[in-house]
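All remarks here apply to the structure that follows.
The values are calculated or read from the model by the stated rules, or taken from the named source; none is laboratory data. Keep in mind that what you see is a predicted model, and the values were worked out from it rather than measured. Here Cβ is always computed from backbone atoms with ideal geometry, including for glycine, and neighbour counts include all displayed protein chains.
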Amino acid sequence: MLVAVEFTGERRRLTTAARLARLAASVSEGGDDSRGEAATDPSDLDFEASLAEFEELARSAGAEVAATVLQRRARPDAATLVGTGKIDEIEGVVASTGADLVLFDHDLTPSQMRNLEARLPCRVIDRTQLILDIFARHARTREGQLQVELAQLEYQLPRLAGKGKAMSQLGGGIGTRGPGETKLETDRRRINLRVLHVQQQLDGVKRIRRQQRQRREAVPVPVVALVGYTNAGKSTLFNALTAAGVLESSRMFATLDPKLAQIQLPSRRKILLSDTVGFIRNLPHTLVTSFRATLEEVERAEILLHVRDASSAMMDEQKAQVEKVLGELDVAQKAVIEVLNKIDLVGDDARSLLPRGNGTVAVSGLTGEGLNELAAAIDRALVRDPLVDGRFRVPQSEGAVLAALEAGAVVSEKRFEGNLAYIRAVGPASLLGRYRRFQSRDEG
């Protein structure tokens, strides 16, 4: 059973442009203006989108939704989040549907969790716990599993509930009679020790990855990272660019462990493309902290490809959520190319309204439309290893040099005179600099 709560006192005011976009989206989806302004209230659309996202989260965790209860109130109830009257309603729905789990689309404080479980005849979990369960399902690598465990332990620690003297452990010997260490304290110490152990194991994994990265960086290859809202089509786009064949799924957080693959750009430069976990609205800060190791590829990337779902009516809100997480990772200042994905699902009229230029490219990871333009945009945005124009005079006996220039640069001119090959090529400065000794004297 799902419980979605909206606090009207926390609604943020929309800009005029955002309000008009919401109204246009509702009309294009078959909305009827005759139903009145209340039916197309932007805040209603936002709440509906949030509810749909929450339902998809539940299904991604393997839940079968038996019922949904909605509530709008000015502010949260300190004791139960929803208030006594709504708890009575939830209890009745649970009894009539036979639901064995109540999911709250909100973070619950430890006291709220205890009060709700005392009133309801089934388990209660909140949004963070649900997302952690999905992460645990999708973690495949040892590092991913450790990060999930760390986040789960940090979530559990403040939610331990003791029962006072009833859970005391009595010591033996003179001077030790009376309440000793409670079970609460024992559990807290055990979790703290486990957190320390998991952190040490993660440090070991990070050290190994750092060594691998140092070997990789011995030959400088720029890293370009895909970031974006969950289910924006990052994995489909990753496959279209790399032919890597990674998992494509409409389920949220299907990609948890980072994927890396090498691709070649039109300039013949090679880059490493990284596919990372998708973001979501109200992503718990503890998850961002725990998964900082997984997101290291984002931190070290030279360019971020912000993949956006061009077919979503909530595209601007999703962009704001992604930028919020990027700000927490201290990478908001990096070069960003906005990739409007899924344009195959956008009609011609709506497609003409999509933003173009200024670092924005429209593509379809499914059909391949716009991928050449995206590769060219990446080429233009790379500044760490810039493209340079070079002229070379290479003896034909230096076959390895000729092959390297052909493979790693765009050769615009090539002629042979005697035993020498005269080549003009545009390529990465790191590549052309290796063969400086063969540069032609007439180079400007």
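Quick look at the values:
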{"item": "Condition broken by VAL361, with the remaining ones in (1) among the hydrophobic types (A, V, I, L, M, F, W, C); (2) outside the structural domain of ASP309 (by TED's automatic domain parsing); (3) not in a helix (DSSP H, G or I) satisfied", "result": "(2)"}
{"item": "Single unsatisfied condition, GLU373 versus (1) within 30 Å of SER312 (Cβ to Cβ); (2) surrounded by fewer than 17 Cβ atoms within 10 Å (Cβ to Cβ); (3) at pLDDT below 90", "result": "(3)"}
{"item": "Extreme residue, surrounded by the most Cβ atoms within 10 Å (Cβ to Cβ), among residues of the range 313-340 that are outside any loop (DSSP other than H, G, I, E, B) and of a type in the set (Val, Ile, Thr)", "result": "VAL339"}
{"item": "Filter result (under 34 Å from the mean Cα position of the chain (by Cα) and of a type in the set (Asp, Glu)) within the range 79-121", "result": "ASP100, ASP105, ASP107, GLU117"}
{"item": "Members of the range 48-63 found to be surrounded by 15 or more Cβ atoms within 10 Å (Cβ to Cβ), touching a helix residue (DSSP H, G or I) at 6+ places or on another chain (Cβ under 8 Å) and in a loop (DSSP other than H, G, I, E, B), listed by number", "result": "ALA61"}
{"item": "Strands (runs of 3 or more DSSP E) contained entirely in the range 64-141, each with at least 2 residues that are surrounded by 15 or more Cβ atoms within 10 Å (Cβ to Cβ) and hydrophobic (A, V, I, L, M, F, W, C)", "result": "101-104, 123-125"}
{"item": "Scope the range 228-258; condition charged (D, E, K, R), at pLDDT 60 or above and more than 18 Å from LEU374 (Cβ to Cβ); matching residues", "result": "ASP257"}
{"item": "Residue within the range 426-436 that is exposed (fewer than 10 other Cβ atoms within 10 Å of the Cβ) and small (Gly, Ala, Ser) present", "result": "no"}
{"item": "Failed item in (1) surrounded by 12 or more Cβ atoms within 10 Å (Cβ to Cβ); (2) in contact (Cβ under 8 Å) with a residue 24 or more places away in the chain; (3) outside any helix (DSSP H, G or I), with VAL383 passing the rest", "result": "(1)"}
{"item": "Number of the exception - LEU287 against (1) modelled with pLDDT under 90; (2) touching a strand residue (DSSP E or B) at 6+ places or on another chain (Cβ under 7 Å); (3) within 28 Å of LEU132 (Cα to Cα)", "result": "(2)"}
{"item": "Among the residues listed as ILE378, ILE343, the single one being hydrophobic (A, V, I, L, M, F, W, C), at pLDDT 85 or above and farther than 25 Å from MET314 by Cβ", "result": "ILE378"}
{"item": "First in the range 417-441 and touching a residue at least 40 places away in the same chain (Cβ under 8 Å), second anywhere and loosely packed, with under 14 Cβ neighbours inside 10 Å and not in a strand (DSSP E or B), Cβ under 7 Å, 6 or more apart", "result": "ALA429/PRO386; SER430/PRO220"}
{"item": "Residue in the range 397-410 that is at negative phi, part of a strand (DSSP E or B) and not assigned by TED's automatic domain parsing to the domain that holds ALA225 present", "result": "yes"}
{"item": "Residue that is without any contact (Cβ under 8 Å) to a residue 40 or more places away in the chain and buried (at least 18 other Cβ atoms within 10 Å of the Cβ), where the choices are ILE378, ILE343", "result": "ILE343"}
{"item": "Near pairs, Cβ below 6 angstrom, 6+ apart or cross-chain, from the range 50-70 (not assigned by TED's automatic domain parsing to the domain that holds ASN231 and modelled with pLDDT of 90 or more) to any residue that is polar (S, T, N, Q) and not in a loop (DSSP other than H, G, I, E, B)", "result": "ALA66/THR97; ALA67/THR97"}
